[in-house]
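What follows is one structure encoded as structure tokens, with my remarks underneath.
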Amino acid sequence: ENRWILPFNQAIMKAFDALEDHLEHNAGDLPAALLTISQSPKFFSNGIDPTGSYSKQLGLEKPSEIDSLENTILGMPSFIRPMQLPIPTIAAINGHAFGAGMMFAVAHDYRLQREDRGYMCAIEVEIGVGIPPPEMELFAHAVSKPAFYQTVMAAKRWGAADALQEGLIVSACPMEQLYQESLQYAESQAKFAAGPALRRNFMAIKHKAKGHVERMVMEYTFPDGELPA
């Protein structure tokens, strides 16, 4: 289900640290883009694990207070790591993207979605959980005002057809074509980040377009008991 539990948050952080290091020291003048896809046949990401039930299924012990604090600290910054890359980022949404899963998807610059099944959904209002300001900002930057209201106030399930009409995704395609079409789309965007100079320019434009979202996420402090879903 690709739940955002502590080991997953830690792995995401390490993966993006490695990507940033590669881009800085090894990528040279090659075109570059990031494509994110899940191997799960059902879930792109099913959000955090608010009850701990998924962690128990994996045989993980109840986290210590330090682990819980680390998970809270890493959580929201993990979701927006694609925003911090100086290259185009593309999410291939092959299944459900709920809560934090949708947040991670909209943190990418572009999205493609499987057309036959799977939804993006901010489920907080449906399950009685609050939505922190940085999460609101993350959704608001990706869709129109009416779609934003539908997302956060009505827990709208964005299937591929509706998401494409809204502009939340750039393409809807059959599952068997999703990876190849997403890869081709990533390759078409990679030219904007070919070499250090173009990557610096791309990052500057990216900051101007959506840097306010990153800043709100990175500067936000969660009150006790308030967590993203």
What number comes out for accessible area per residue over the chain if the probe is 1.4 Å? Units Å², please. 50
Phi-based couplings in Hz for segment 26-41 (Karplus 6.51, -1.76, 1.60; Gly and Pro marked x): 10, 6, x, 9, 5, x, 8, 7, 10, 10, 10, 8, 9, 7, 5, x
Counting only protein heavy atoms, what percent of the accessible surface of the chain is carbon or sulfur at a 1.4 Å probe? 55
Full extension between GLN184 and LYS208 adds, at 0.36 nm per residue less the Cα distance, a length in nm of 6.0 nm
Kindly identify segment 145-229 as rounded, prolate or oblate by the Cα gyration tensor criterion: order the square roots of the eigenvalues as a ≥ b ≥ c, call it rounded if a/c is under 1.5, otherwise compare a/b with b/c, prolate if a/b is larger, else oblate. oblate
ILE93's amide H: which non-local residues (gap 5+, or another chain) put their own amide H closer than 5 Å, with H modeled 1.01 Å from N in plane and none for Pro or chain starts? LEU112, GLN113, ARG114
Tell me, what is the FRET efficiency for GLN10 and ASN201 to the nearest 0.05, using R0 = 35 angstrom and their Cβ-Cβ distance as r? 0.65
Would you look at the GNM of the chain, springs on alpha carbons closer than 10 Å, and say which of PRO31, PRO82, PRO41 moves the most? PRO41
Please give the net charge around GLY211, taking every other residue with its beta carbon less than 15 angstrom from that of GLY211, where Lys and Arg add +1 and Asp and Glu add -1. +2
Ranked from the most accessible area to the least, with a 1.4 Å probe and all protein chains present, what is the order of ASP21, ASP49? ASP21, ASP49
Rank GLY195, GLY95, GLY118 by mean-square fluctuation in a GNM of the chain with C-alpha springs under 10 angstrom and give only the top-ranked residue. GLY195
Residue with peak Gaussian network fluctuation, the chain [Cα springs, cutoff 10 Å], from MET102, MET175, MET218: MET218
Can you give the extra length, in nm with one decimal, that the chain gains between MET153 and THR221 once fully stretched, where that is 0.36 nm per residue apart less the Cα-Cα distance? 22.2 nm
Area of VAL170 that stays accessible when all protein chains are in place (1.4 Å probe, Å², to 10): 60
antiparallel share of DSSP beta bridges within the chain, to nearest 5, in %, is 5
Per 10 Å bin, what is the whole-percent P(r) computed from every C-alpha pair distance within the chain? 8, 33, 38, 19, 3
Charge tally for neighbours of VAL170 with beta carbon under 15 Å away, counting Lys, Arg as +1 and Asp, Glu as -1, is -4
What's the local net charge at GLU181, with K and R +1, D and E -1, over the other residues with C-beta under 13 Å away? -1
Tensor-based shape of segment 130-170 (alpha-carbon gyration tensor, a/c under 1.5 rounded, otherwise prolate or oblate): prolate
Expected field for GLU20, accessible surface area in Å² at 1.4 Å probe radius, rounded to 10, holds 60
Per-residue ellipticity at 222 nm attributable to helices in the chain (runs of n ≥ 4 DSSP H, -39500 (n - 2.57) apiece, nearest 500 deg cm²/dmol) works out to -15500 deg cm²/dmol
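The values are calculated or read from the model by the stated rules, or taken from the named source; none is laboratory data. Just so it is clear, the model here is predicted, and its values are computed rather than measured. Positions of Cβ are generated from backbone atoms using ideal geometry, with glycine treated the same way; all protein chains shown enter the neighbour counts. Accessible surface areas use protein heavy atoms only, side chains included; no ligands, DNA or RNA. Shrake-Rupley method; radii C 1.70, N 1.55, O 1.52, S 1.80 Å.
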